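Since the structure comes first, as structure tokens, the remarks are kept for the end.
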Amino acid sequence: MRAATYDAYARDNATLTCGEVPDPKVGPGQVLIEVRAAGVNPVDWKVMAGGLDGMMDAVFPVIPGWDVAGVVSACGPDTPEFAPGDEVMAYARKDSVHAGTFAQYVSVAAPAVARRPVTLSWEEAGGLPLTGLTALRTLDRLDVTAGDTLLVLGASGGVGSIALQLARERGVRVLGTASPRNHDYVRHLGGEPLTYEGDVAAAVRDLVPGGVDAVADFAGGQLQVALAALAPGGRLASIADPGVERHGGHWVWVRPDGGKLDELGALAERGVLTVTVSSAFPLEEVGAAFDASRTGHTRGKLVIVP
């Protein structure tokens, strides 16, 4: 099969290539997915730079990518949940960095797999798993409920835009930072936009004088802003800054979870949750997709389409 690969860590795209690799094997409790779309996430190029080497072993050559939407091509032994032809999506992170989703096929453990919502295109479904599960886990850790006020740092990005929608569905008032060009987008999703330049905490307190009940940080580098914007006793979570733990906050890491992904799919089918795809790239242009992601100014999701 064709796949994008790299054979050594690098902080740029120098080791990225696209070519033929062996087809993946399908073990017990796994499904083989023919990839229709695979979401691009900042973790993909950070892993390529060796950013998780202290946590996860890499087996080179590495096929990057942890998001997938596609069609079940085959099932391993004792996998009654799925059958060939099923349209599915998954957050396909594994115990080691090796056989990812930027390829024509990927094998995934059945418990990580969910049905593709009929309301989402292949590209939209391919961009949902990591961002959607991350957003959901963050809101659950923050325990935000109806009547709360939430500040989302990075509200127009992949995770932030999903978190904004999920929070609004819970009856939460959401303030979100974004560049001015994305303010209408944040409003469209139900949030109150703030620029991320200047005194963000002061702008928050102009709108919520006592401070917000919770802050969800999807941008990083803004711990002091988050602390200054919080009401006394407020809750804090970040996917980008482990320093929140020193202040009683949660450093959030997403887990593969087909059941939770089905919950997100149900919200999409109800029209509550949408996924914005800004650009789609072929396998040969994974490097260009990484470059676009590195800018930090992407609205919604980037995806790879084999």
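Quick notes on this one:
- Of all the residues in the range 43-53, those that are crowded, with 20+ Cβ neighbours inside 10 Å and not hydrophobic (A, V, I, L, M, F, W, C) number 1.
- Selection within the range 186-222 - under 26 Å from V272 (Cα atoms) and of a type in the set (G, A, S): G190, G191, A214, A216, A219
- Residue count for the range 179-199, restricted to those that are over 22 Å from D148 (Cβ atoms) and surrounded by 20 or more Cβ atoms within 10 Å (Cβ to Cβ): 2
Here is a yes/no grid of residues against (1) under 18 Å from L236 (Cα atoms); (2) touching a helix residue (DSSP H, G or I) at 6+ places or on another chain (Cβ under 8 Å):
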{"site": "V152", "(1), (2)": "yes, yes"}
{"site": "A155", "(1), (2)": "yes, yes"}
{"site": "L175", "(1), (2)": "yes, yes"}
{"site": "A178", "(1), (2)": "no, yes"}
{"site": "N182", "(1), (2)": "no, no"}
{"site": "V186", "(1), (2)": "no, yes"}
{"site": "E192", "(1), (2)": "no, yes"}
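- Some residue of the range 214-232 being aromatic (F, W, Y), farther than 19 Å from G191 by Cα and either touching a Cys at 6+ places or on another chain (Cβ under 8 Å) or touching a residue at least 12 places away in the same chain (Cβ under 8 Å) (or both): no
- Residue list for the range 209-243, restricted to those being part of a loop (DSSP other than H, G, I, E, B) and surrounded by fewer than 18 Cβ atoms within 10 Å (Cβ to Cβ): P209, G210, G220, G221
- Any hit, the range 180-191, residues being part of a strand (DSSP E or B) and either under 21 Å from the mean Cα position of the chain (by Cα) or over 28 Å from S293 (Cα atoms) (or both): no
- Filtered by the rule that a residue be farther than 21 Å from E284 by Cβ and touching a Gly at 6+ places or on another chain (Cβ under 8 Å), the range 12-31 gives V26, G27, P28, G29, Q30, V31.
- Wholly within the range 1-64, strands (runs of 3 or more DSSP E) carrying at least 1 residues that are among the hydroxyl-bearing types (S, T, Y): 2-6, 16-20
- Being among the basic types (K, R) and either touching a Cys at 6+ places or on another chain (Cβ under 8 Å) or without any contact (Cβ under 8 Å) to a residue 40 or more places away in the chain (or both) is a condition met by at least one residue of the range 268-275.
- Filtered residue count, the range 11-27, keeping only those that are more than 10 Å from M1 (Cβ to Cβ), out of contact with any helix residue (DSSP H, G or I) (no Cβ under 9 Å at 6 or more places or on another chain) and either among the acidic types (D, E) or in contact (Cβ under 8 Å) with a residue 40 or more places away in the chain (or both): 3
- Some residue of the range 66-86 being touching a helix residue (DSSP H, G or I) at 6+ places or on another chain (Cβ under 7 Å), within 13 Å of F290 (Cβ to Cβ) and among the aromatic types (F, W, Y): no
Laboratory data are not the source of any read-out in this text; all were calculated from the coordinates shown. For clarity, every value in this text was computed on a predicted model and none was experimentally measured. A quick note on method: Cβ atoms are made from the backbone with ideal geometry, for glycine too, and the neighbour counts reach across all protein chains shown.
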